[in-house]
């Protein structure tokens with residue numbers, strides 16, 4: 001993880017930054033799936049309640065060059081500003097960025113009730129129970145599943161873990177349960 005590329009979503013009168021970040025990230029995810037590389041990570045340096053307007057790609061110079069050769073960002077050039085490939089500064093705080101999934105979905109509630117009682121819930125009852133649960137208070141991106149066509153929130157957590165870098169693999173979202181990324 002010695003290089004990075006920053007992609008900033010530019011202000012636009014027609015689309016808010018979150019909508020553009022969702023589109024940018026969906027294209028990145030498809031590029032990572034195509035590349036099938038487990039060495040590329042992502043971070044969101046401007047994240048707060050939302051992912052913010054800055055996406056940082058982390059990796060080695062050859063891996064990042066291969067990703068950018070895919071031209072996965074095509075169609076969003078007017079809405080983004082991409083930096084050149086740059087070296088990561090030395091001696092930085094490390095952060096782990098991982099996906100966090102809600103344990104309560106309507107389908108899980110229905111299965112749980114059916115498993116633990118002799119009655120099952122219909123969709124309406126499960127939805128009512130789901131609405132009563134505490135939502136995750138993490139930034140997220142809205143993605144559309146390529147297999148089911150359904151939209152889903154991809155919640156993520158960025159957690160500082162010290163100054164010791166930990167190597168590992170990254171999934172097709174650019175997240176890892178174990179590996180860290182430099183935070184700057």
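The values are calculated or read from the model by the stated rules, or taken from the named source; none is laboratory data. Everything numeric in this text was worked out from a predicted model, so none of it was measured. When we count neighbours, we look across all protein chains shown, and the Cβ atoms used for this are built from the backbone with ideal geometry, even at glycine.
Brief remarks follow.
- Residue 64 being in a helix (DSSP H, G or I) and surrounded by 17 or more Cβ atoms within 10 Å (Cβ to Cβ): yes
- Residue within segment 71-82 that is buried (at least 17 other Cβ atoms within 10 Å of the Cβ), outside any loop (DSSP other than H, G, I, E, B) and within 16 Å of the chain's Cα centre (by Cα) present: no
- Residue within segment 66-79 that is touching a strand residue (DSSP E or B) at 6+ places or on another chain (Cβ under 6 Å), at pLDDT 95 or above and closer than 29 Å to residue 169 by Cα present: no
- Residue match in segment 112-121 (condition: part of a loop (DSSP other than H, G, I, E, B), modelled with pLDDT of 95 or more and in contact with a helix residue (DSSP H, G or I) (Cβ under 8 Å, 6 or more places away or on another chain)): no
- Qualifying residue in segment 165-180 (condition: part of a strand (DSSP E or B), modelled with pLDDT of 75 or more and surrounded by 13 or more Cβ atoms within 10 Å (Cβ to Cβ)): no
- Residue, farthest from the chain's Cα centre (by Cα), within segment 89-104, restricted to residues that are surrounded by 15 or more Cβ atoms within 10 Å (Cβ to Cβ) and within 24 Å of residue 2 (Cβ to Cβ): 94
- Taking residues in segment 55-69 that are without any contact (Cβ under 8 Å) to a residue 40 or more places away in the chain, and partners anywhere that are in a loop (DSSP other than H, G, I, E, B), the pairs with Cβ atoms closer than 6 Å and at least 6 places apart or on different chains are 63/37; 63/39; 63/40.
- Restricting attention to segment 140-164, the residues that are exposed (fewer than 11 other Cβ atoms within 10 Å of the Cβ) and either in a loop (DSSP other than H, G, I, E, B) or within 10 Å of the chain's Cα centre (by Cα) (or both) add up to 7.
- Residues in segment 52-73 that are in contact with a helix residue (DSSP H, G or I) (Cβ under 7 Å, 6 or more places away or on another chain) and under 19 Å from residue 166 (Cβ atoms): 57 only.
- Hey, residue 39 at pLDDT 95 or above, under 19 Å from the mean Cα position of the chain (by Cα) and either surrounded by fewer than 20 Cβ atoms within 10 Å (Cβ to Cβ) or under 17 Å from residue 154 (Cα atoms) (or both) or not: yes
- Filter result (in contact with a helix residue (DSSP H, G or I) (Cβ under 8 Å, 6 or more places away or on another chain) and farther than 18 Å from residue 181 by Cα) within segment 25-51: 31, 35, 50
- Hits in segment 1-42 - residues which are part of a loop (DSSP other than H, G, I, E, B) and under 19 Å from residue 66 (Cβ atoms): 1, 2, 36, 37, 38, 39, 40
- The set of residues in segment 124-139 that are surrounded by 14 or more Cβ atoms within 10 Å (Cβ to Cβ) and either modelled with pLDDT of 90 or more or in a loop (DSSP other than H, G, I, E, B) (or both) comprises 136, 138, 139.
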